[in-house]
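Okay, structure first, notes after.
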Amino acid sequence: MSESAKLIYNNQTFELPIIIGTENEPAIDIRKLRDTTGLVTFDDGYKNTGATESQITFIDGEKGILHYRGYAIDELAEKAEFLEVAYLLIYGHLPNQAEYSDWKNKMIRHSLVHEDVKKVFDAYPTGAHPMGQLMTMMSMMSSFYPNNQDPHNTEEDKNLTIARMMAKMPNLCAMMYKKRIGHPVMYPNNNLGYIENYLRMTFGNPCEDFHVDPVVVSAMNKLLILHADHEQNCSTSTVRMVGSAHTNLWATIAAGISALWGPLHGGANQEVLEMLQDIKNSGNSPKEYVEKVKNKVAGVRLMGFGHRVYKNFDPRAKIIKKACDDILNKLGVNDPLLEIAKELEQIALSDSYFVERKLYPNVDFYSGIIYRALGYPNEMFTVLFALGRLPGWIAQWKEMIESKAPISRPRQIYTGATPRAYVEISKR
Ligand code: ACO
């Protein structure tokens, strides 16, 4: 392969260097293009723009491949623990015994949140969407640790903030659920693991012992791993962009949570469940719904279908679909929405509208059915996505800060009015 690409513009030939990633993905390096040619590139939605070099996650959208730090997602989802994967993403290698016990100890030591946080929860209207609350809580945490905010602080300080954030996240997510149902907040129990603790803080109550179901723990472990990172998606790019202004990590992650909330991104898992419930309640068949989607009635989309990168299949969806069957069987749950989902998928996969546009089920298509079977209300689904995605966001932020990335600042093609004189209001 040549090591440069040639651009002919204004009868002049310009050489542009080629960068090749470790998985042989070639890219044209256009960093000097403006200086040499006066041109900028145009790519709305960054559909074909590499915004960074990264060693964290690899995706081959055509082949349906997803690797975290070189490890295949199927293997990690099958064999690893979520905290191991979090460590892998953030620190670049799987932890050895000593590193892992230290990491797990940190998750216990820092799990409590300041009592004043409860007062903020109290001020929220009951029924407020938990993603809005999570975003506020995350950015508010920066007020409790004003001395550890500078992303250029010592390594020790940075690791302390990372551990605090990872350790407090399950507690914050559980508090939101408790607020929602009007129950008292449950404090973490240091004898329990990360996921067990989260489940107890969510579904336990102070009046009785809480027995953690290993089937539920294993399902949660898998789901969190599958959501842990996904290279330069909308929320992760947001994290990198906000962090590139050297904003503190808490506020930076709050911005990522905000981006994830959108229905075209992480909010799709809630939308999928609502779509399935609407189909069931309307009495219409999945086929009739698919017709509405194809006719683009009022912008209706088949939620949980389609992906910017995966154009063959989403490997996470494959794992989740199987997990969904297994978990519902093990828990003895018979959910009619699962049947509707399977029928929708079957119709869509053989329909030319979806085949031609390369639209396949994504990670959100079946995850909501599992969350529902585990007892979560629809509004909590995207929060669970955020709980899983947190280590990925942190890893991407850490890589960006440590590589001394410049502030993110795209260019534009201005298409507005050309210069004109101000007109007095009486003459307009
Ligand atoms: N249902 C129906 N049609 C769709 C869907 C869908 N879910 N997704 C894309 N299309 C159609 C578009 O209407 C468009 O058709 P056209 O060429 O006739 O105009 C074509 O497929 C291309 O779609 P784009 O929106 O240009 O694709 P893009 O890559 O920009 O969007 C996205 C990807 C946002 C994920 C889109 O597929 C979508 O909206 N899906 C539904 C929401 C969803 O499930 N989001 C979760 C994604 S995974 C994640 O973020 C965790």
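The values are calculated or read from the model by the stated rules, or taken from the named source; none is laboratory data. No experiment lies behind these values; they were computed from the predicted model shown. Cβ coordinates were reconstructed from backbone atoms using ideal geometry, including for glycine residues, and neighbour counts include every protein chain displayed. All accessible areas refer to the heavy atoms of the entire protein, side chains included, with ligands and DNA or RNA removed. Shrake-Rupley method; radii C 1.70, N 1.55, O 1.52, S 1.80 Å.
Observations, loosely collected:
- Residues considered: VAL363, VAL120, VAL290. Largest GNM mean-square fluctuation over the chain, using C-alpha springs under 10 Å, is found at VAL120.
- For region 82-104 versus region 110-133, the spacing of their alpha-carbon centroids is 29 Å.
- Length-normalised contact order of the chain in % [C-alpha pairs under 8 Å, at least 6 apart]: 20
- Calculated [θ] (222 nm, deg cm²/dmol) that DSSP helices of n ≥ 4 give over the chain, each run adding -39,500 (n - 2.57): -16500 deg cm²/dmol
- Residues of type lysines that LYS104 reaches as a straight line, Cα spacing below 21 Å, ignoring anything fewer than 8 places off in the same chain: LYS79, LYS158, LYS168, LYS222, LYS398
- Dividing the radius of gyration of the alpha carbons in region 4-65 by their Kirkwood radius gives 1.02 for Rg/Rh.
- Normalised by the number of residues in region 4-65, the average gap of Cα pairs under 8 Å and 6 or more apart makes the relative contact order 18 percent.
- The fraction of Cα-Cα pairs per 10 angstrom bin, counted from 0 for region 60-197, comes to 10, 34, 33, 20, 4 percent, rounded to whole percents.
- Here the simple spin-label model places points 7 Å from the Cα toward Cβ, and for ASP35 and ALA245 these points are separated by 2.7 nm.
- Full extension of the chain segment joining ARG109 with LYS358 gains 85.0 nm, where the gain is 0.36 nm per residue of separation less the Cα-Cα distance.
- Among the chymotrypsin sites (Phe, Trp or Tyr not before Pro) found in region 369-428, those both in a DSSP coil and sparsely packed, with 14 or fewer other Cβ atoms within 10 Å of their Cβ, are TYR414, TYR422.
- Distance between region 208-241 and region 1-71 - C-alpha centres, whole angstrom: 30
- Relative to the 2.2 N^0.38 Å rule of thumb, region 129-275 has a C-alpha radius of gyration ratio of 1.12.
- Solvent exposure of the chain as accessible area per residue, Å², 1.4 Å probe: 52
- Calculated FRET efficiency, GLU99 to ASN284, Cβ-Cβ distance, R0 = 45 Å: about 0.25 to the nearest 0.05.
- Average projected area [Cα convex hull, region 90-132], square nanometres: 4.8
- The alpha carbons of the chain occupy a box of 79, 65, 58 Å along the principal axes, longest dimension given first.
- The translational diffusion coefficient of region 268-374, from Stokes-Einstein at 4 °C and 1.567 mPa s with a Kirkwood hydrodynamic radius over alpha carbon pairs, comes to 93 µm²/s.
- Loop-located trypsin sites (Lys or Arg not before Pro) in region 362-423 (DSSP state not H, G, I, E or B) with no more than 16 neighbouring Cβ atoms inside 10 Å: LYS404, ARG411, ARG420.
- In a DSSP loop and with at most 16 other Cβ atoms within 10 Å, the chymotrypsin sites (Phe, Trp or Tyr not before Pro) in region 36-123 are PHE42.
- The gain in end-to-end length when the ASN147 to TYR187 segment is fully stretched comes to 11.8 nm, 0.36 nm per residue minus the alpha carbon separation.
- Protection proxy ranking, peptides 18-31, 201-214, average beta carbon neighbours within 10 Å, highest first: 201-214, 18-31
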